Structures are given as C-alpha cells and as structure tokens.
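The values are calculated or read from the model by the stated rules, or taken from the named source; none is laboratory data. All values derive from a computational prediction rather than experimental measurement. All Cβ positions, even for glycine, are placed from backbone atoms using ideal geometry, and neighbour counts span all protein chains on display.
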Amino acid sequence: MGVPERSILDKIGPRLRALWDLSIPEIREYAGVHEYDGEVLDLSPSGLSSGVKRLDTPGQSAAEPDPHDEAHMRAAEAGWRTAIQLGELHRWNPLVHIDNLDLACYDREYAPQAERAAARATHLSKWPDAIDASLESLDRVPAPVAASLLSGTRGLAAGITDEKALAAHARLVGRLEAAVANGPAECALGAGVLARLLGDPEGMPVDLGRLEVRADRERNRLLERLATDCARYRTGARPAELIPELLADHPNDEGIYAAARQLIGEITEFTLKQDLLPDPGGECLVGPAPESRRWAMAMMSPGGAYEAEAPAWYFVNPPDPSWSADEQEEWRSVFSATTLPAITAHEVTPGHFAHQRMIMRIERSHVRRSLASAAFVEGWAHYCEELLVEEGFREEDPRYAIGVWLEALVRVTRLACALGIHAGTMSVADATRRFETDAYLQGQAAQAEANRGAYDPTYGRYTWGKLEILALRDEAMAEWGNRYSHRRFHEALLGLGAPPLGTIGDVLGEAG
C-alpha cells in the first residue's frame, strides 16, 4: 500500500504557516491551497492578536535559505503587523470580513462539483460564529465606507437558504446599515498610518510627499500622451471633446463579454509574437462576477499554484439594474471599444492571468508560489498596458493608446485621492469630482472609484508599482546592455513570483 501524499500544510515551516493562517481567503483562492476549503478566519480582536503573536514566536523556524525569499517573508510579516496593530483594518473595513465569508471561491471548477459543494456547505456553517467574531471587531466603520460596501455585503447571501447563516448575515448587514446612518463621516487614517500601510508590506519606507511629486509628474506625462493620440485619431480634436464620444461607443452587456473574449485571443497572440512572455497556456473564461464581488468593475480569479489545472475567470461586471438608464450607461462606458482592450491586457495577458500562470511554474520556493505583494501584482498588470503601446499593438488605431492613457489617469488619480482622503484634505465627494475632471469618468463610475478610496487606502499601488518596475527596467537595460531583452527581463522578474517592491532589484542578480 502506497504512502499517502502529505498535505502541503505539512510541508511548509511554522513561519510560513503562520502567514498563511492569517491569509486564508487569499491563500485558498489565489495560491490554490484547498486544504483551507471550508475554513474561516477568527477576525475578533483576540483571534487576530493571537495570529500576530504567532508571527513573533522566537525561533519558530530558521531564516529562509534564499536571501530574496527571506526578505519577502520579512516584508509580509511586517505588513500583517502594520495592518492589524497600526491600521486596525478589522475594526473599520468591512471588506476584510466580506472576503472571509465570501463563498464565490468555490464557483471556479478547480475540483469536482460535489467536493466544492461540500466545502461551501462547511464554510457556510461557520458563518454564525465568524460573523459574531466580526461584529466584535467592527466598532468604528465610517459612514462612507459602510455605504460603499453595503451592496457587496448584501450580495454575500445571494442564493443562500440556510436560516442560521441568513440570520447571522442579517446581523452583519444591520451593523453596516447602522454605520451608514450613524457612523463617523471622517474616514482619514492619517498620513503616517497610510505611509506604513503602503511601505511595510513592500519592504521599503515610503515618503508620501515624494510619491505625490512622482504621481503629479506621471499625470502630466499621461495628459500629454492623451492629447497627442486624440489629435492623431482626429486632427485638432481635444480630449475633452473626443473622449465622451469614444466612451459612448460600447456594446450591451452581452456584447461586452463577447468583445472581451475576442480581445483575449488577439492580445495573447500579439504578446507571443513580440516575445514578451512565454505562452501562458490555460483557459480564461469571461462573465459577470458573483454578487459579492460587484464592488469592482472588472477583476481576475486566476487559479493558484497549488491546485490542479482549472479555467480562470475574467469577471466583467454589469451595472446595477436598480440604477437609472443614464447611470447604467455611464457604467457601461468603462467598457467602451477604447478602454476595454487596456482593461483586458491588465486583467488577462500579459497582466494578471499570465502573471499567475508564470507563478505556477515556480517549483523551488513556497514563498514565491504563495505570498504576493499587492503593489507588485497591480503594478505589473498596469505596466503591461503601456508595454503593448510601446510594442505597437493596434498602432494604426490610436484608440488603444487613448484607452491606456485613460486607464492610467484613473490609476494616478487613485493615488492622488488616496493621499487626499486619508490625509484628511479631501472628502469622498471631492474625490468623485477629481475622477470626473482628471480621469474623464462619469457619474456612477467616478463615484465607485472615489468610494473605493475610502475602504482601499493603498489603491494608489497601481501607479506606484508601475513606476518602480519601469525604474528597474531602466537599470536592467543599463546593466545588461545588448544582452537585455523584454523577454529576459520579464521572465526574471516574474521568476520572483509577486515580490515586495523593495526587493525587486534582486532580479538583476537572479538573471545574471
């Protein structure tokens, strides 16, 4: 009789296990560690305090033998301490609790349906205790944050009939409804806290003033590029006149899904032709997100390094049917023929989907296969959008480049609004107007972006990550000389997995 295969949880050291146990939703879905199926985090103050103490247990395991992996581990540990002990995200941010309860992770076909259904049922049975723990923590939810995430919280219960789970869910919804009515209007964390939330998980200090200067410089560059390509599209056209026309050119909801599918094939073929990455392989499906995940306009659920081959999902979210016709039209404008190609490059190939497929090929490091820097993940995908402009994708049609500049203006405006909202110099209403004027968003789309700034204080990471990758690419070009190629740089960079920004310079040695 053969020896049974050991669980992956038995193969990793206690130090990495402590990090995984604090990150169950992410490790289950994005690393594909399905030993966590049916499990929930204890998000009570005592539960999280216990989890952080495990990070600090002296001598629980030796340093990682690979110096890069050790630096990655230290940054991840520091990030968790800061998020819980300084940022106290569990006290004011319902998204942490939504992620813990979300059952949509069992929808993707990574295992037989019966196995996934059983895990889902086990997870659901733990809702009452998990929600009671969450209610212990959620004692200072600002009204703008509660209002932004109330719909997503309600969406958690779509299709559920279990009475105990629904009763617990109603208690959570009630807490957020009370916060909408009576919670503090102020949602600023303070500049010092924001700098730590940004920098600690990236293994580097952050000077918010310098970051703001870099963001302003990038915004000016993008506006110049946008003006140039608008004039290339139509002689003499100014962005303010042309962009509303371009954004109005979009299909209906079903047509958006069809257009996204076509774009996946076209962009993947171009990426391989230009030798930017090896063939990612795999299958990527397109459709609307589960209701609990409709707080964002588009997102990727790519599959993990520790699971069997399974299709990924590129979620493209339709407008809320309760909105007015005009509001729904404003939302659909995000998926115009001008902007959907850039969104698809970001979410699929060479962005998130291709990135995750590269991580799946890493064999020698559990750290690189499982721990992900959010700033690198989003910075890489954002970098890829402009990479295709550099390489000449749809060069004869300026709309692709215009879409890239518009998407980049959204990202750089996120950075400006996060800095403003959490330094207390900008309200959510101010941020909405900023997205309308600087990023050419309209109505509900601008509102959704501003709302996100309230509950996702580090969402300026897209621009920041992109700028750091571009700076490193310049270094690689200078150091490698005629031995430099995009393919070599990209493969070496993604060979680090999704590294903290403070460690990406190691790529120069890894590819030596």
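Things to note:
- Wholly within the range 433-511, helices (runs of 4 or more DSSP H) carrying at least 1 residues that are among the basic types (K, R) and either more than 21 Å from the chain's Cα centre (by Cα) or closer than 24 Å to V193 by Cβ (or both): 443-455, 461-480, 486-494
Yes/no per residue for (1) outside the structural domain of V377 (by TED's automatic domain parsing); (2) free of Cβ contacts under 8 Å to residues at least 24 places away in the same chain:
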| site | (1), (2) |
| --- | --- |
| A168 | yes, no |
| G209 | no, yes |
| R219 | no, no |
| P239 | no, no |
| E245 | no, yes |
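- Here A215 clears all of (1) buried (at least 19 other Cβ atoms within 10 Å of the Cβ); (2) among the small types (G, A, S); (3) at pLDDT 95 or above except the condition numbered (3).
- The set of residues from the range 422-456 being more than 18 Å from M297 (Cβ to Cβ), in contact (Cβ under 8 Å) with a residue 60 or more places away in the chain and either acidic (D, E) or buried (at least 23 other Cβ atoms within 10 Å of the Cβ) (or both) comprises just one member, H422.
- Just one of the listed residues (R368, R394) is of a type in the set (D, E, K, R), in a helix (DSSP H, G or I) and modelled with pLDDT of 95 or more, and it is R368.
- Taking residues in the range 288-303 that are in a loop (DSSP other than H, G, I, E, B), and partners anywhere that are surrounded by fewer than 18 Cβ atoms within 10 Å (Cβ to Cβ) and at pLDDT 85 or above, the pairs with Cβ atoms closer than 6 Å and at least 6 places apart or on different chains are G303/A310.
- Top-ranked residue in the range 314-331 [being in contact with a Pro (Cβ under 8 Å, 6 or more places away or on another chain) and modelled with pLDDT of 85 or more; ranked as surrounded by the most Cβ atoms within 10 Å (Cβ to Cβ)]: V316
- Members of the range 252-287 found to be in a loop (DSSP other than H, G, I, E, B) and either of a type in the set (G, A, S) or surrounded by 19 or more Cβ atoms within 10 Å (Cβ to Cβ) (or both), listed by number: L276, L277, P280, G281, G282
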